[in-house]
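Below is one structure, written out as structure tokens, with a few remarks after it.
Every number here is computed from the coordinates shown, using simple stated rules; none is lab data. Given the structure is predicted, the values throughout are model-derived calculations rather than measurements. When we count neighbours, we look across all protein chains shown, and the Cβ atoms used for this are built from the backbone with ideal geometry, even at glycine.
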Amino acid sequence: MLWGVCLLAALTAVPLLAILGEVLLRGYDQLSWSFFTEPTPTAYKAMKAIEAGEPIPGGIANGIVGTMIMLGMAVVVAVPVGILCGAFLAENSKNRFAQIVSYLTDLLQGTPSVIVGIITYIWVVVPMKGYSAIAGSVALCIMMLPLIIRSTEETLKILPASLKEAGLALGGNKARVMMKVQLPAAFGGIFTGVLLAISRVIGETAPLMFTALGCSLIRFSIDKPISAVPLLIWEFFNDPNLQELIWGASLFLLLFVLTLNLTAKYLAKKWNQ
Amino acid sequence: MESVKPILEFKKTCVSYTKQTMAVKYVSAAIEQNTITAIMGPSGCGKSTLLRAVNLMHNLYQNIRVDGEILLNGENILSMEPIDVRRRIGMVFQRPAPFPTMSIYDNVLSGFALNGIKLSKAEKDATVERCLRSVALWDEVKDVLNKKGTFLSGGQQQRLCIARALAMKPDVLLMDEPTSALDPIATKHIEELLLELQKEVTILIVTHNMGQAKRISSKSMFMYLGELVEYGDTETMFTNPSDERTKAYLTGKMG
Amino acid sequence: MNDRLYKILLFAAALIMPIVCGGVVYALVTDAYEAFEHFGFFKFLTSSEWSYTEGAEQYGALPFITGTLMTTLLALIFCIPFSLPVALFVGEYFKGTKVAAVLSTVTDLLAGIPSIIYGLWGFYTLRPIIMALNISPQGSGVLTASLVLAIMIIPYAASLSAEFIKMVPNDLKEGAYSLGATRAEVIRKVVFPVAGSGIFSSYILAIGRALGETMTVTMLIGNTNNIPDSITSTGNSMASIIANQFGEADDLRLSSLIAIGLILFLITAAINMVGKMMIKRARIA
């Protein structure tokens, strides 16, 4: 039985290695300076290059810029709101309203991302009469919120009670004890939670399809359609002329996400000691 | 009766966690200024509960009720703002709990930061030095004031916590088994320190260590099952306890 | 800031949850209403027609509900023989060792891979294998999607199950060992019965994940709007039909897609609620 368990457990590493291997082998030679600085070529340009036997020109800069803009806006809203809401849950765990909020956090966390896309389409795209970076960032924000709330709540709850009591015993009010004692002590856990939340949503495709839509230009305006790295992968997947770019984009996304994951895990371990 | 006005006075103080049971039952006692009063008793007797009532720690938990009166300089604490009470009554806990994200320097000043009181650099430096000197920590840490308080040894951490409480110039200092997590040498240092400190501040200390009570306190309380069984001069209580239960406890017949 | 203001601020932040969740339900219900009103709620659920010929529009959710249930169920079946050994490896056999830490890092990383990359891998690696093995001519279909889905949910099922296996008290296990039980017997007779409800609930939550998984399924299921008649045939799941058609849909079709979204939301919410409740109960016991 031991050998059976070891064998089957070891087999789960196969897909990870297979995926990493495939993306690396097929994607590494596409990565170049211009891949990160130039926007996606049009299908026509790509077709011409293929016919001439040349590598496809251009890169994924429009996607990287779009991802960063939307992620940035989502983080700016989701982090403070998530931390405050997490603090509320940690401070009032027995209160009836907090239990409802806690339940709804689970509900939102379990909601499929494609539905978050639909919702954001109804809430933002329809009233604004168009796809936009704002809509995309709202979708990402909704998906990040429950993750940040949970990690904040859990980190605050495992702090020794003596810390909070010591702060209050010095005459501090609850707000100051939270700001000066509890949140600083919980910083490691909250930071890790934010990193994981970012790595969770950065690869999301479905919710961006109905909100940010995509765009072949490098754009900095937030009220117009915008691209994102996963959206580009989806575009390349569907356009035979652009298929060559798929692996470079995937490699970039995969390395980004896995690095964030490993960093978060490493920091969590370091701060726990 | 002496006419010394007590600094702290319990008047029929009761604490209850549930409607049916009382953890502290009708405690009445007057504490004189600049004394060390030890509160003893077997575990679960309500000694920590009584101590925590004094700086309104029980207010943090909705289901705990405190009844009766606790007077600080004649004023009933129970009807005062918790924050005002806690500024005047410091507390040191069982486990040393310096704030882990603050330096030694900031730990001493944390009471001011937590109360939103701004100090000038000179005032800060003076306060830090005064407080660390009065807990005999200054010489040991004066060169590492910017290090985190958590780098210190257990005994040093506890002295840092006492310094932190003293910085607010409290009238009364509550100590909840402050040496139970420390080794004998660190314990001895703290005890010597407390004997010094009683000149500045009135100390109320919960201890399960009878030797400690005998060594440092001038008055002692013995509590049992939530009641204050006996309160008087430590000397008298140890040599000639008036209650059978006190006697049983002091002679080790009750745990 | 005084305590009153602080309380109000925290409360206001917490209010965002009821507002967002209420908004989700409200938006889905109002926008799905047209489809339900046009076709009738039960007719919509049970009809297998999906045609957008103008004038004869006919939309029903049955093919996609079936597709979702089939992919989810198959993924669950494929996932158990791997996730359970991983859980035993991490939570029992090599509890607290370096190898266990490595294996949990591997599963954590598996959980971190974006679903669109799983889809690519399934499309370019797994699909040719399925074709080469003559399992299905076009390679994509319910089976292909389920296989990749299974890999995606292994980490969720395994890490949660491992947590419950770890919590089995040592004295129970030692009691069995002292009676002469082998390790395999201890696992069968002590660990599984004690951790059983926790392990079960971790699979419920894994189902909750698989139900809503979008990109992988969209890229691998073949995207045909019929009820799959076998596990090798093509189809669509609720999530994949939305991903495929939402961008180009309007009016009645849009409302029908949102109606499918509402059904998917309700099913995942129910499954997750049951899973969470069971986990809470298993943690207390």
Please compute the net charge surrounding C:I113, taking Lys and Arg as +1 and Asp and Glu as -1 over other residues with Cβ under 13 Å from its Cβ.
-> -3
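What stretch of chain B, leaving out the sites themselves, is the longest with no trypsin sites (Lys or Arg not before Pro) in a DSSP loop having at most 14 other Cβ atoms within 10 Å? Walk me through the intermediate numbers first.
Values: sites that count: B:K19, B:K118, B:K142, B:K147, B:K199, B:K253.
After excluding every exposed loop site, the longest remaining stretch is B:20-117.
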Rounded to the nearest whole number, the per residue volume of the convex hull around the C-alpha atoms of the protein assembly as shown in Å³ is 211 Å³
Cut-off 15 Å between beta-carbons: net charge of the residues surrounding C:L9, Lys and Arg +1, Asp and Glu -1 | +2
Divide the volume of the convex hull of the Cα atoms of region C:128-266 by its number of residues and quote the answer in cubic angstrom per residue.
-> 138 Å³
From the square roots a ≥ b ≥ c of the eigenvalues of the alpha-carbon gyration tensor of region C:1-149, which class results: rounded (a/c under 1.5), prolate (a/b over b/c), or oblate?
-> oblate
Amide H neighbours of B:V24 at under 5 Å, excluding residues fewer than 5 places away on the same chain, with H built from the backbone geometry, are B:V15
Could you tell me which helices of chain C pass both thresholds, a Cα extent of 27 Å or more along their own axis and a mean Kyte-Doolittle hydropathy of at least -1.0, with helices taken as whole DSSP H runs?
-> C:3-39, C:62-88, C:142-166, C:192-212, C:251-284
Karplus-derived HN-Hα couplings along region A:209-224 (A = 6.51, B = -1.76, C = 1.60, θ = phi - 60°), whole Hz, x at Gly and Pro = 4, 9, 10, 8, 6, x, 6, 8, 9, 7, 10, 10, 8, 9, 9, 10
Could you compute the FRET efficiency for A:M179 and A:L217, with r as their C-beta to C-beta distance and R0 at 35 Å, rounded to 0.05?
-> 0.25
Step through the table entries B:K219/B:K247; A:K94/C:K280; C:K95/C:K173; A:K174/B:K19; A:K164/A:K265, compare each Cα-Cα distance with 19 Å, and write down the pairs that go over it.
-> A:K174/B:K19; A:K164/A:K265
Could you tell me whether chain B comes out rounded, prolate or oblate from its Cα gyration tensor? Rule is a ≥ b ≥ c as square roots of the eigenvalues, rounded for a/c under 1.5, then prolate if a/b exceeds b/c, otherwise oblate.
-> prolate
Long-range HN-HN contacts of B:G232 with modeled amide H, under 5 Å | B:S220
Any DSSP H helix in chain A with Cα axial reach of 24 Å or more and mean Kyte-Doolittle score of at least 1.6? Listed by number, the hits are A:61-91, A:183-202
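With the Cα gyration tensor of region A:11-162 giving a ≥ b ≥ c as the square roots of its eigenvalues, does the rule (a/c under 1.5 for rounded; else a/b larger than b/c for prolate; else oblate) give rounded, prolate or oblate? The partial results should precede the final answer.
On the way: a/c = 2.86, a/b = 1.87, b/c = 1.53.
Prolate.
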Read phi for every residue in region B:137-148 and hand back ³J(HN,Hα) as whole Hz from Karplus 6.51 cos²θ - 1.76 cosθ + 1.60, θ = phi - 60°, with x for Gly and Pro.
-> 10, 4, 5, 6, 10, 4, 8, 10, 4, 8, 7, 5
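Could you calculate the FRET efficiency of B:K142 with B:K5 from 1/(1 + (r/R0)^6), where r is the beta carbon distance between them and R0 is 41 Å, rounded to 0.05?
Values: r = 39 Å, r/R0 = 0.95.
Once rounded, the FRET efficiency stands at 0.55.
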FRET E, pair B:K214, B:S28, Förster distance 30 Å, beta-carbon r, rounded to 0.05 = 0.80
What helix-only [θ] at 222 nm does chain C give? Using -39500 (n - 2.57) per DSSP H run of at least 4, over all residues, to the nearest 500, the answer is -24000 deg cm²/dmol
Residues meeting the amide H criterion for C:V168 (H placed from the backbone, H to H distance under 5 Å, 5 or more places apart or on another chain) are none
Sorted by Cβ density within 10 Å, fewest first, the residues C:V142, C:V102, A:V125 = C:V102, A:V125, C:V142
Could you go through region B:59-72 in sequence order and give the Karplus-derived ³J(HN,Hα) for each residue, using 6.51 cos²θ - 1.76 cosθ + 1.60 with θ = phi - 60°, rounded to whole Hz, and x for Gly and Pro?
-> 4, 6, 10, 4, 8, 8, 10, 10, 10, x, 9, 10, 9, 10
Fewest first, what order do B:I185, C:I8 take by the number of other Cβ atoms within 10 Å?
-> B:I185, C:I8
Which length gain, in nm to one decimal place, applies between C:R281 and C:V102 when the Cα-Cα distance is subtracted from 0.36 nm times their residue separation?
-> 61.4 nm
